[in-house]
Structure formats: structure tokens, C-alpha cells
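Reading through the C-alpha cells given below for one structure.
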Amino acid sequence: MDIRDKLLSENPWKLMISLSLPAILGQLIVGLYAFVDSIYVGQMVGTDAMSAVSAASPFVLINNAIAVLLGIGSGSVLSRAIGKKTQDIIDKIIGNLTFLVIMLSSAVMVIGIIFAPEFLRLSGAKGDILNMGVSYLRTVYLGSIFVNFMQGANMVIRAEGRMGIAMGIMAAGAILNIILDPIFILLMRSQGPQAVAIATVISQFIQALVTLIYFLKKSPVVRFHGIKPAKDLLPEIFSVGMSAMLMQIMMLIQMTVVYNTAVHFGGEHQIALMGAAQRVMQLAFVPIWGMSQGMQPAVGTNFGAKEYMRVKRLTNIFIIGSTCLAGFFFAIIEIFSTQILSAFITDSSIVRLGLYNFRIMYCMFPTYGLLIMTVTYFQSIGKAKQAGLVVMLRQLFLAVPLVLILPRILGGNVLGVWLALPLNDIIIILIAVVLLISEYKHLMKLQRDIGTVI
């Protein structure tokens, strides 16, 4: 059975497991190395270095935004092309992605290196924290082309349905990064967190090289046919990928406002606390993101093949699975909050100060499975507007006003900053459910139109 037949005919529960498990493992390992980076910095370099990495972390999302814009957009186009058997589109995918990665990443690298100090000041960084953050961030931007090609092309591999290959490449790079981190910290003690950034860029370069070799020699579906733009694919790639890109850009803006507001109401130690909370969020979030990467080719291919009732069933099954996954991580975070924060921050008084707020921030985490699968569904079928609406409301239009207003309503209490995030999620989940119910009605209509409602 080839990949297309598997996506169209295999039992949905079995398909969810076979597509999601390698994607979850791969994404978990990727999230783990960002998590471990921060632990190494916090434990081996110091709290100020941890604050520097935390202040820089929103602006690392600029690279992530490029990768998901191109990767998710290209993956969505590819999976539907596989469903429709349109080989001419399939042959253009990776060459077009590579061209766009080089163009956009080069611009990000130049701008990021020049404006790194200004970026970090937006997060509230000053003095030594600012100086360490600048060297860290500039080094990260030097690897922009490597990380964006590696991440974007990895999403194309997943869209082929080859989750094991995608996981293996990501996992190997992550493990290499985890090994290199302490070595570079010990060899370059005077460089502070920049040593970790150097280790990361080296790992990303090797991952990018392996990914390129895969498309040159190994892929059974997508092959490299030269680096060139495919103008006919650009509108759809950008429209679908834009919602994913907006998630990263809005997260950048949200985190910058959160850090600044938290520092204003709670002092500089809030950077380290919020940074630790965000790292944990990223680690807990990536398995759900991994499951969404498994969902994308399944839903996209079946939608392209006009199997609309199977699309609905697959979506429901992925929502159930991702909700169970989110609940598992929620329980771990709430039970082991003290130990988790202490892994990043060696000062126990700062840990005690942030513990209650940390737990409050995660109280809505079990709903994230439904939220992310809903966004992924709309991306998979090419409905960029609905996906973009949910993303923009969650990351910016509701979150930022709540972050700015709630602390003042609570009399200048920094708790308002932490409380704003779960309150925002309650509103967004309700909106996502309404959109998904409406879309299910549309799927029923499409199925009736082809006369095969089950």
C-alpha cells in the first residue's frame, strides 16, 4: 500500500497513531533541546544569562515564522496535490521552498544582526542581560538559512506522510545540540549564552545538509528539480502558511508585551520566571504540535480526494487524541511545578515567588488539543481566513489588551499578567468550537452534493 492509499483507507485510529507517534516524538525532542538549552544556561552560566536568553527568545520566533509560513503552506499544497495526483505541482514544491527560504532568511539575518539591541530593549533587557542577549541573538540569526530550510523542508517530509524520516532528522539534530551545549559552555565560558547559540547553529547546519540529501536522493514523492520560484503556487502557499506565520509573529509581540509588563509590575526577576514558563510551555506544546503535523497530510489528502466524511471523522479523532495528550502534560506541570521552575532558576526565593502564577498560567492547557487541531484543520484544507482569525485573536487582539489591562484592574498586581493568558484561552476556545461546528455543516453539504453521505 502506498502512502496515498494509506491516508485514504487505513482505519482512522490506527492512522492517527502511525502518523502522530513519530511526529510527536520528533517534535518532543526538538522542544527538549530548547528546554535543555535554558537549563544549561540557568545552571551552568547563571540567572542573568537565563534572563538574557528569555529576553531574546521572542525574537527567535522570527525565524520560526519564516519556517512555518513556507513549510505549512507548502505541505498543505503538497498533501492536496498527492490526493489529486497532480505531479506537476509536486515537482515544484521543494525547489520553490528552497528559493523562498534563501531570500527571506537572508533578509531576516541582516535585519536581526543590525537591530538585535533594539529588539532586546523591547523585552525590558538592560545592562549585562542586554549585552549577553545581543551576542546570543546575533549568533542565532547567523544560522537563519539553515534552521528555516531544515524546519520548512521537514514539514514537507511530513506532508508526504513519511513521519519516521522527519522525526529521525529532527531527533538527530536535537540530540547533537544537547551534546554540544555543555561542551561549548565549558570551552567558551567567557562567551556566556552565546556558546549555546553556536552549538545550536552547528546542529542546524548538519540537519539542513541531511535534509537536502534526502530530497536529492531518497524521497519517493518529492524530488529536487533546482532552486527556482513557482509563481503559480505562491498565492496558495502564502495564504495557507500566513496563519501559521501569524501565530509566531503574534507570539513575538505577545511575549514582548508580557515580559515588559511583567517587569514593570513585578521587577526584573519576572523575565527569568516568565522565560522559564515559556520554555515549559514550548516543550509541553510541541507534542500537540507534532500531532497536528500528523493530522495535516491525513486531512489534506482526504479533502483533496473528496472524502469529506472521513475528513470529519479524522478531525474528531485527532482532537480526542490531542486532548488526552494535553491533559497528560497539564498534570505533570501542575504536580511538579516547583521542580520544573527550580531546573531553570537556582534562587529558591524567586521560584517560590513565581510558583502560584506559574500554575495559574497553565490552568487552560487541557483545551489546547482542540484549539490546535481546529487551526490545523483549516490550514490543511486551505481555509486560511478561519485559521488566521483564531490565531490573531489568541496571540494579539485579545491577549495583549488583557495583559495590559488586568494588572491595573488588580491594583498593579503582576498576577494580572499571568492570569490574562488563560482568560484569553477561554474566549478563544469558544470561538474555535463555533467555527468548527459551522465547518462540519459545510462538510455535510459537500458530501451530499456528491451523493455519498454515510
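The values are calculated or read from the model by the stated rules, or taken from the named source; none is laboratory data. Here the structure is a predicted model, which means the values were calculated and not measured. Please note: Cβ atoms are built from the backbone with ideal geometry, for glycine as well, and neighbour counts cover all protein chains shown. Calculation scope for accessible area: heavy atoms of the full protein, side chains included, ligands and nucleic acids excluded. Shrake-Rupley method; radii C 1.70, N 1.55, O 1.52, S 1.80 Å.
Being farther than 30 Å from residue 406 by Cβ, open to solvent by 20 Å² or more (accessible area, probe 1.4 Å) and acidic (Asp, Glu), is that true of even one residue in the range 256-270?
Here is the first cut: in the range 256-270, the ones farther than 30 Å from residue 406 by Cβ are none.
Among the residues of the range 256-270, not one is farther than 30 Å from residue 406 by Cβ, open to solvent by 20 Å² or more (accessible area, probe 1.4 Å) and acidic (Asp, Glu), which makes the answer no.
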Which ones in the range 41-66 are open to solvent by 10 Å² or more (accessible area, probe 1.4 Å), over 20 Å from the mean Cα position of the chain (by Cα) and either within 14 Å of residue 116 (Cα to Cα) or at pLDDT below 80 (or both)?
43, 44, 45, 46, 47
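Please find, among 344, 330, 318, 285, the residue that is among the aromatic types (Phe, Trp, Tyr) and closer than 22 Å to residue 13 by Cβ. Write out each step before concluding.
Details: 344 fails: closer than 22 Å to residue 13 by Cβ; 330 fails: closer than 22 Å to residue 13 by Cβ; 285 fails: closer than 22 Å to residue 13 by Cβ.
Result of the check over 344, 330, 318, 285: 318.
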What number of residues within the range 400-439 are surrounded by fewer than 16 Cβ atoms within 10 Å (Cβ to Cβ) and of a type in the set (Phe, Trp, Tyr)?
0
Can you pull out every residue in the range 69-102 that is assigned to a helix (DSSP H, G or I) and acidic (Asp, Glu)?
88
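Report, by residue number, each residue of the range 229-238 that is of a type outside the set (Gly, Ala, Ser) and open to solvent by less than 30 Å² (accessible area, probe 1.4 Å). So that I can check it myself, show each step before the final result.
Narrowing the range 229-238 to residues of a type outside the set (Gly, Ala, Ser): 229, 231-238.
Matches in the range 229-238: 233, 237.
Residue 197 - would you say it is in contact with a Lys or Arg (Cβ under 6 Å, 6 or more places away or on another chain) and surrounded by 15 or more Cβ atoms within 10 Å (Cβ to Cβ)?
On the way: in contact with a Lys or Arg (Cβ under 6 Å, 6 or more places away or on another chain): no; surrounded by 15 or more Cβ atoms within 10 Å (Cβ to Cβ): yes.
No, not satisfied.
Conditions (1) closer than 30 Å to residue 223 by Cα; (2) touching a residue at least 60 places away in the same chain (Cβ under 8 Å); (3) of a type in the set (Val, Ile, Thr), marked per residue:
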site	(1), (2), (3)
101	yes, no, yes
104	yes, no, no
115	no, no, no
159	yes, yes, no
181	no, yes, no
192	no, yes, no
207	yes, yes, no
210	yes, no, yes
From the residues in the range 155-165 that are open to solvent by 10 Å² or more (accessible area, probe 1.4 Å) and among the small types (Gly, Ala, Ser), which one is farthest from residue 66 (Cα to Cα)?
164
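Can you confirm whether residue 244 is farther than 21 Å from residue 70 by Cβ and out of contact with any His (no Cβ under 7 Å at 6 or more places or on another chain)?
Numbers: farther than 21 Å from residue 70 by Cβ: no; out of contact with any His (no Cβ under 7 Å at 6 or more places or on another chain): yes.
No, not satisfied.
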Only one of these conditions is not met by residue 324: (1) without any contact (Cβ under 8 Å) to a residue 60 or more places away in the chain; (2) touching a helix residue (DSSP H, G or I) at 6+ places or on another chain (Cβ under 7 Å). Which number is it?
(2)
Looking at this structure, is residue 433 assigned to a helix (DSSP H, G or I), farther than 20 Å from residue 248 by Cα, in contact (Cβ under 8 Å) with a residue 12 or more places away in the chain and of a type in the set (A, V, I, L, M, F, W, C)?
yes
Please indicate, with yes or no, whether at least one residue in the range 81-88 is free of Cβ contacts under 8 Å to residues at least 24 places away in the same chain and among the acidic types (Asp, Glu).
yes
Let me confirm something: among 241, 226, 192, which residue is on the phi > 0 side of the Ramachandran plot and surrounded by 18 or more Cβ atoms within 10 Å (Cβ to Cβ)?
192
On the basis of being among the basic types (Lys, Arg), assigned to a helix (DSSP H, G or I), open to solvent by 40 Å² or more (accessible area, probe 1.4 Å) and within 28 Å of residue 262 (Cβ to Cβ), does residue 394 make the cut?
no
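I want to confirm something. Restricting to the range 285-311 and keeping residues that are hydroxyl-bearing (Ser, Thr, Tyr) and farther than 17 Å from residue 323 by Cβ, which single residue is modelled with the lowest pLDDT? Please lay out each step first, then the result.
Going residue by residue through the range 285-311, those that are hydroxyl-bearing (Ser, Thr, Tyr) are 292, 301, 308.
Adding the requirement that they be farther than 17 Å from residue 323 by Cβ leaves 301, 308.
Numbers: 301: 87, 308: 91.
So the residue we want is 301.
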Are any residues in the range 138-154 of a type in the set (A, V, I, L, M), crowded, with 24+ Cβ neighbours inside 10 Å and over 13 Å from residue 168 (Cα atoms), and if so, which ones?
140, 147, 153
Which of the residues belonging to the range 207-250 are more than 21 Å from residue 297 (Cα to Cα), of a type in the set (Gly, Ala, Ser) and at pLDDT below 85?
226
Restricting attention to the range 235-276, which residues are under 16 Å from the mean Cα position of the chain (by Cα), of a type in the set (A, V, I, L, M, F, W, C) and over 30 Å from residue 46 (Cβ atoms)?
240, 242, 244, 245, 246, 247, 249, 250
Can you run down the residue pairs with Cβ atoms below 6 Å, 6 or more apart or on separate chains, where the first is in the range 369-383 and assigned to a loop (DSSP other than H, G, I, E, B) and the partner is among the aromatic types (Phe, Trp, Tyr)?
381/303
If I filter the range 101-109 for residues that are among the β-branched types (Val, Ile, Thr), under 30 Å from residue 379 (Cβ atoms), at pLDDT 85 or above and surrounded by fewer than 24 Cβ atoms within 10 Å (Cβ to Cβ), do I get at least one hit?
yes
